[in-house]
Amino acid sequence: RDDYEKDIWFSGKTFATDDFAETISFSTINEKKAINFVKQAQFDILIAFGVGLIRYEFISAANSQIYNLHGGNPEKYRGLDSHLWSIWHEDFGELKTCLHEVDEKFDTGKIFDVRSLALPRTTELHHLRSINTQVCFEVTCDLLKVLSDSRAIKCRTQKSQGRYYHAMPSSLKSICMNKFGNFMKKKNVQ
């Protein structure tokens, strides 16, 4: 997966985040230095992507709304490895990406947008993260467009709260690979 992403995004070259933008690093989003930084900063909006649970101390210190990019539909799959858990349950229609407001619980905030992942005929499981990342980019651009047009950001309350999942054990991932491969074969035959 990492090699695939390096090839499609960076022509096989190795880059670091600070090659593209000024960065400040913290060990975790919830450490004191990060909380102090966000408290002093004047951001219009904060977008979280792959940071884990954002604790109350960080949320209350932020001077702006925080949105989270969640790889999955939180109304069905909250927590970690949501796409893999969708595949595990053979719930392929739930291979989605969501941008939602951050609140004190895990993936329960009001939803800005949920989008299905488009799976080209040649999609393999190791392509899924890059497809998800592309959708995350697109939905974030749409949110920023609303802000730049000085329109109110409209979010809806979640209709239901999905089950919380922990990281998928590696012993189940090979089963997911087979299930996803079988799904794509059936999809391509239809």
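Given Cβ point charges of +1 (Lys, Arg) and -1 (Asp, Glu) and nothing else, what value in debye, to the nearest 20, does the dipole of the chain about its Cα centre take? Intermediate results must be reported in sequence, preceding the final value.
On the way: 26 positive and 24 negative charges, 129 e Å.
The calculation lands at about 620 debye.
Set the Cα radius of gyration of the chain against 2.2 N^0.38 Å, with N its number of residues, and you get 1.09. Quick check on the chain: helices-only [θ] at 222 nm, where DSSP H runs of length 4 and up contribute -39,500 (n - 2.57) each and the sum goes over total residues. Nearest 500, please. Computed ellipticity for the chain at 222 nm equals -12000 deg cm²/dmol. Beta bridges per DSSP, both residues in the chain: antiparallel share near 55 percent.
May I ask you to list the GluC sites (Glu not before Pro) in segment 95-126 that are in a DSSP loop and have at most 13 other Cβ atoms within 10 Å of their Cβ? Each step should come with its number before you reach the end.
Details: sites: GLU101, GLU104, GLU124; in loops: GLU104, GLU124.
Sparse-neighbourhood loop GluC sites (Glu not before Pro): GLU104, GLU124.
Taking packing as the residue-averaged number of other Cβ atoms within 10 angstrom, the listed peptides 88-94, 181-187 run from highest to lowest as 88-94, 181-187. Dividing the convex hull volume of the alpha-carbon atoms in segment 23-123 by its residue count gives 121 Å³ per residue.
Working from Cα pairs under 8 Å separated by at least six residues, relative contact order for segment 11-142 is 17 percent. Here the simple spin-label model places points 7 Å from the Cα toward Cβ, and for SER64 and ALA16 these points are separated by 2.5 nm. Loop-located trypsin sites (Lys or Arg not before Pro) in segment 64-105 (DSSP state other than H, G, I, E, B) with a sparse environment of at most 15 neighbouring Cβ atoms within 10 Å: LYS105. Taking a span of 24 Å or more along the helix axis (Cα atoms) and a mean Kyte-Doolittle hydropathy of at least 1.0 as the rule, no DSSP H helix of the chain qualifies. For the pair GLU138 and THR23, a Förster radius of 30 Å applied to the C-beta separation gives a FRET efficiency near 0.85, rounded to the nearest 0.05.
Using a probe of 1.4 angstrom, how much of the accessible area of the chain is carbon and sulfur, in percent? Could the numbers behind the result be given before it?
Working: 5900 of 11610 Å².
Whole-percent figure for carbon plus sulfur exposure: 51.
The values are calculated or read from the model by the stated rules, or taken from the named source; none is laboratory data. The model shown is predicted, which means the values in this text are computed figures rather than measured ones. All Cβ positions, even for glycine, are placed from backbone atoms using ideal geometry, and neighbour counts span all protein chains on display. Protein only, heavy atoms only, side chains kept; ligands, DNA and RNA dropped before computing areas. Shrake-Rupley method; radii C 1.70, N 1.55, O 1.52, S 1.80 Å.
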